[in-house]
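The structure under discussion appears below in the form of structure tokens.
The values are calculated or read from the model by the stated rules, or taken from the named source; none is laboratory data. Bear in mind the structure is a predicted one, so any value in this text is a computation, not a measurement. For neighbour counting, all protein chains shown are included, and Cβ atoms are generated from backbone atoms with ideal geometry for every residue, glycine included. Just so you know, the surface numbers come from the protein's heavy atoms only, side chains and all, with ligands and any DNA or RNA stripped out. Shrake-Rupley method; radii C 1.70, N 1.55, O 1.52, S 1.80 Å.
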Amino acid sequence: PSAYVGDKFNRHLERLARCGGPTTARDFYGGNLSVPRDVLLGIDGFDERFTQYGNEDVELSLRLGAAAVPIVFEPTAVATQRYDKTFTALAADTVAKGRTAVQLARMHPEVRAQLKLGEWRTQPLVRRVFVSVLLGATRLLPPVRRIVAWVMTVLGNRRRALALRLYPPVLDYFYWCGVREAERDSRRRAT
């Protein structure tokens, strides 16, 4: 998973450099952020309601933008990240990102279209069918999610090229698992 995550992030940074900086809310990453302390404290820092992995930095960027704090991408800045998660851990993070995307969209409905949450209909039909089949199977048999993670781990160890091709749609599946969980939990709280 580390090679996949690293390549994906490097492509993202190259796109930001070409575009001159962030173009959507999803372009903001808190891992290599520099903000004067007084500015960060002035907007109350990171929102502590984000208790799971993901989207706390996007939410912060929205409040920085609302406070007229310029968000600038510096392509020459150096940030190093060590990434050594297993596929199972990456899948769990991706489920959490789906859950926190729902949380973020509730807090800031105006940003929904900029999130992966708002891109379902723009995904290729084959990917939507693939993800929908896995989601349907998971609804019927919840252990499917664990089995998919195990299969991807095995593929990563034995057929790496195939695993790398499958990462995007399989991770989409895990993301949408998180979205569905968050929406289900929200409906339960409402009743």
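Residues in the range 111-149 that are open to solvent by less than 50 Å² (accessible area, probe 1.4 Å) and at pLDDT 95 or above: Val131, Leu134, Leu135, Gly136, Ala137, Thr138, Val144, Val148, Ala149. Do we have Phe50 as among the aromatic types (Phe, Trp, Tyr), under 21 Å from the mean Cα position of the chain (by Cα) and modelled with pLDDT under 90 here? For Phe50, the condition - among the aromatic types (Phe, Trp, Tyr), under 21 Å from the mean Cα position of the chain (by Cα) and modelled with pLDDT under 90 - is not met.
For the condition touching a Ser or Thr at 6+ places or on another chain (Cβ under 8 Å), charged (D, E, K, R) and free of Cβ contacts under 8 Å to residues at least 60 places away in the same chain, what is the one hit in Glu56, Glu119, Glu74?
Numbers: Glu119 fails: touching a Ser or Thr at 6+ places or on another chain (Cβ under 8 Å); Glu74 fails: touching a Ser or Thr at 6+ places or on another chain (Cβ under 8 Å).
On inspection, the qualifying residue turns out to be Glu56.
Quick grid of which residues meet (1) out of contact with any Leu (no Cβ under 8 Å at 6 or more places or on another chain); (2) aliphatic (A, V, I, L, M); (3) under 18 Å from Phe174 (Cβ atoms):
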{"residue": "Thr51", "(1), (2), (3)": "yes, no, no"}
{"residue": "Glu59", "(1), (2), (3)": "no, no, no"}
{"residue": "Ala66", "(1), (2), (3)": "yes, yes, no"}
{"residue": "Phe73", "(1), (2), (3)": "no, no, no"}
{"residue": "Gln81", "(1), (2), (3)": "yes, no, no"}
{"residue": "His108", "(1), (2), (3)": "no, no, no"}
{"residue": "Lys116", "(1), (2), (3)": "yes, no, yes"}
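Conditions (1) within 18 Å of the chain's Cα centre (by Cα); (2) of a type in the set (Ser, Thr, Tyr), marked per residue:
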{"residue": "Trp120", "(1), (2)": "yes, no"}
{"residue": "Pro143", "(1), (2)": "no, no"}
{"residue": "Asn157", "(1), (2)": "no, no"}
{"residue": "Leu166", "(1), (2)": "yes, no"}
{"residue": "Pro169", "(1), (2)": "yes, no"}
{"residue": "Tyr175", "(1), (2)": "yes, yes"}
{"residue": "Ala182", "(1), (2)": "yes, no"}
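Residues of the range 150-165 that are aliphatic (A, V, I, L, M) and buried (at least 19 other Cβ atoms within 10 Å of the Cβ): Met152, Leu155, Ala163.
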